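Peer 1: Got a structure for you, written out below as structure tokens; questions coming shortly.
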Amino acid sequence: MTQTDLTCDVHIIGGGPAGYTAAIYTDRGGAERVIEAGGIFMYLRGNAPATEFLMGAVELDDEGYIITDELMQTSHPGVFAAGDVRSKQVRQQCVAAGEGAVAALCAERHVRGGEIRRDRGPATN
């Protein structure tokens, strides 16, 4: 069974008595509820990206998210972005972690002076 509640404040996430994940949260009416589930995905709906400090150094979309290519390169050479500040459709920790790995590898290649390849196959550097 899938249950979605986009209007609650989560207080605790931990193991439940049956080995499932449990979340204790407060709904809009102030009532405390407990949900046991096989997994819980947190979605921070409505939060704005923390990109104000960039002050126009890289290109942003209309909502303030950083625009990158698939290799996490921004409009400024040598600047990479990953995670929830990046313009995209899905905002989950696992997606952000993968993007972070891509950004780190590409940034390392950039710092070492190697070409960041856009095609598939083994690197030549």
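The values are calculated or read from the model by the stated rules, or taken from the named source; none is laboratory data. Fair warning: this is a prediction, and the values are worked out from it, not measured in the lab. No Cβ is skipped: glycine too gets one built from the backbone with ideal geometry, and neighbour counts run over all protein chains shown.
Residues checked against (1) exposed (fewer than 11 other Cβ atoms within 10 Å of the Cβ); (2) under 12 Å from the mean Cα position of the chain (by Cα); (3) at pLDDT 85 or above:
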{"position": "59", "(1), (2), (3)": "no, no, yes"}
{"position": "82", "(1), (2), (3)": "no, yes, yes"}
{"position": "91", "(1), (2), (3)": "no, yes, no"}
{"position": "95", "(1), (2), (3)": "no, yes, yes"}
{"position": "102", "(1), (2), (3)": "no, no, yes"}
{"position": "113", "(1), (2), (3)": "yes, no, no"}
{"position": "118", "(1), (2), (3)": "yes, no, no"}
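Peer 1: Working only within the range 61-79, note down all residues that are touching a His at 6+ places or on another chain (Cβ under 8 Å) and modelled with pLDDT of 90 or more.
Peer 2: Answer for the range 61-79, where residues must be touching a His at 6+ places or on another chain (Cβ under 8 Å) and modelled with pLDDT of 90 or more: there is none.
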